[in-house]
Amino acid sequence: MSSIRKIKQISKSVPTIEGAGVHLKRAFGNNDVPLLDPFLLLDDFHSDNPEDYIQGFPWHPHRGIETITYVLHGDVEHGDSMGNKGDISSGDVQWMTAGSGVIHQEMPKGTDEGLMWGFQLWANLPASQKMIDPKYRDVKQDTIPEVVLDSGVKVKIIAGVVNGTKGPVQDIVIDPEYLDVTVPADISFLHNTKKGHTVFAYIVDGSGHFDHQKDKVLAQENLVMYDDGDSVHITSSDGPVRFLLISGKPLKEPVAWYGPIVMNTQEELDKAFEEYRNGTFIK
Ligand code: FE
């Protein structure tokens, strides 16, 4: 029997300061574990004032997770201790599997007008893959397909499948879907989701009904978490609504998290920080 997912919880992203003083909004994080398993954190950095982001995220380590950066406007300069370097520009995605360890910096640069807007999502890795070799997927904007449905709904497919079109990010352990969806005014979007997977929507712009039996979800409350089911049904209201629709298979493992490192046990966390101090972090 097919079932449309109902809303489990709605919340609003919270102003937070991260890195060397970046003002951003956190949709979910440390305090919400394991609500969005396999996802750990979603940050929305959006400002037209360079003072809010220019200090960036200087050298820091990651282990045990994947960090997924999606830039809407501006550039993020990325560099790591192995010498990998590159810009994540408007429309690009960097899907970084930190695995056993990456030491990197992420420096937002903004557009000529000073606008910076992007998202960073953290996905957890299962115990069996926390210590795998690091891997980058640098996904350029022109390799992300955009499908336009008969209804006029536009979907950029970073990961997952819409109408037979597959996104470029594949073979990820949590079997994720990462879509950037724009629904025109007074139009519905019905999308199949895998049973048992965690599904959430994060509103980028506009407002809509994210569960057709509930009241309008305003852009003020921008995170919509779903109960289980095999589809989501989203309808725009007076104007268009744009949102990220993200799903993944829960890991159901213990989470030991401190700062940028997420392991299964406190012992593994202690070891990671000890290795970082000793200079033996990078494998
Ligand atoms: Fe980082």
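If you go through region 37-73 and pick out every residue that is assigned to a loop (DSSP other than H, G, I, E, B) and within 13 Å of the ligand (Cβ to nearest atom), you end up with 2. Do you know which residues across region 107-136 are under 24 Å from LEU36 (Cβ atoms) and hydrophobic (A, V, I, L, M, F, W, C)? Within region 107-136, TRP117, PHE119, LEU121, TRP122, ALA123, LEU125, ALA127, MET131, ILE132 meet the criteria. When region 235-264 is filtered for residues that are farther than 24 Å from GLN170 by Cα, away from the ligand (no atom under 16 Å from the Cβ) and in a loop (DSSP other than H, G, I, E, B), the ones remaining, listed by number, are SER237, ASP238, GLY239, PRO240, PRO254, VAL255, ASN264.
Counting only strands (runs of 3 or more DSSP E) wholly contained in region 74-128, the ones carrying 2 or more residues that are more than 12 Å from the ligand (Cβ to nearest atom) and aliphatic (A, V, I, L, M) occupy 116-124.
Does any residue of region 246-262 turn out to be among the acidic types (Asp, Glu), surrounded by fewer than 23 Cβ atoms within 10 Å (Cβ to Cβ) and in contact with a Lys or Arg (Cβ under 6 Å, 6 or more places away or on another chain)? So far as region 246-262 goes, no, none of its residues is among the acidic types (Asp, Glu), surrounded by fewer than 23 Cβ atoms within 10 Å (Cβ to Cβ) and in contact with a Lys or Arg (Cβ under 6 Å, 6 or more places away or on another chain). Can you pull out the residues in region 272-283 that are assigned to a helix (DSSP H, G or I) and either surrounded by 15 or more Cβ atoms within 10 Å (Cβ to Cβ) or modelled with pLDDT under 95 (or both)? Of everything in region 272-283, those that are assigned to a helix (DSSP H, G or I) and either surrounded by 15 or more Cβ atoms within 10 Å (Cβ to Cβ) or modelled with pLDDT under 95 (or both) turn out to be ALA272, PHE273, GLU275, TYR276. Checked against the criterion of being part of a strand (DSSP E or B) and either closer than 23 Å to GLU18 by Cβ or of a type in the set (Gly, Ala, Ser) (or both), region 163-177 contains not a single residue that satisfies it. Taken over region 178-195, the criterion of being outside any strand (DSSP E or B), over 26 Å from SER13 (Cβ atoms) and of a type outside the set (Asp, Glu) is satisfied by LYS195 alone.
The values are calculated or read from the model by the stated rules, or taken from the named source; none is laboratory data. Quantities reported herein were computed from a predicted structural model and do not represent experimental measurements. Cβ atoms come from the backbone with ideal geometry, glycine included; neighbour counts cover every protein chain shown.
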